[in-house]
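Laboratory data are not the source of any read-out in this text; all were calculated from the coordinates shown. What you see is a predicted model; the values in this text were computed from it and never measured. Quick reminder, even Gly has a Cβ in these numbers, built from the backbone with ideal geometry, and neighbours come from all protein chains shown.
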Amino acid sequence: MSYNGEAVATKLNDQMKTLPAAERIELISKQFPHAVFTTSLGEEDQAITGLIAKEKLAIEIATLHTGRLFPETVDLIKQTKIQLGIDIKEYHPLEADIANYTSEYGRDGFYYSVEGRHACCHIRKIKPLQNALSKADAWVVGLRREQSQNRSEVPFAEWSEDYNLMKFNPLADWTRADLTVFIEQNDIPINPLHAKGFPSIGCEPCTRAIKPGEHERAGRWWWENEEKRECGLHVKQ
Ligand code: SF4
């Protein structure tokens, strides 16, 4: 009988509704031998890394090192490895893709058109992500429903047709307060930029500090309309 990803996702989603986040992640590690967690080193992702490290769960931790990260984020990769005693595998864009992009759009071509921005995210994020997930049977991410309009209905488990695997959002129902308490209580290292008005941190040229009253992700690709502001990692293709 063929594998019915949608049906399995519905069952897992129901099962996870009543579990704390730590048990959701443990369940993933037990049921999926090739689970990969992709971290952007944001607070949500640092919390998940902390949960994986604490229980020494068999989940690969991977990050997309785009080549345009803030120096603070690069430092945090190193600090996290040392402090939490885990490995973080780095996936980089191809030199040839960067050269082609630069000749077609210019190094910072993402500012001038949505197409130019998507093309940059494609070579610096999507292709390395495809590489990171090439052997995975499950993909863990740190999306929370509160983060933005685009993320307001993310389930705990969903079948990804694009990557042909089960995708998990174990912190989907966490509030900002839940996250802050967890980080403080578990001494989780976080990016110093958060204290300077950056609740959501991506690549340096595409992230600005937010103003009081703005949404958490308002500083990401701020020059575009809100409904277009995802990099494609978590959008169905
Ligand atoms: S966030 Fe900006 S710099 Fe980073 S990959 Fe996307 S367009 Fe390129």
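When you look at V141, is it aliphatic (A, V, I, L, M), within 17 Å of A21 (Cβ to Cβ) and in contact with a strand residue (DSSP E or B) (Cβ under 7 Å, 6 or more places away or on another chain), yes or no? The answer is yes for V141. Residues that are touching a residue at least 12 places away in the same chain (Cβ under 8 Å), surrounded by 13 or more Cβ atoms within 10 Å (Cβ to Cβ), farther than 21 Å from N169 by Cβ and more than 16 Å from the ligand (Cβ to nearest atom): does the stretch 55-75 have at least one? The answer is no; no qualifying residue exists. Residue-level analysis places E90 among those that are in a strand (DSSP E or B) and surrounded by fewer than 22 Cβ atoms within 10 Å (Cβ to Cβ).
Here is the figure for the stretch 167-209: residues that are within 16 Å of the ligand (Cβ to nearest atom), farther than 22 Å from L84 by Cα and of a type in the set (S, T, N, Q) total 1.
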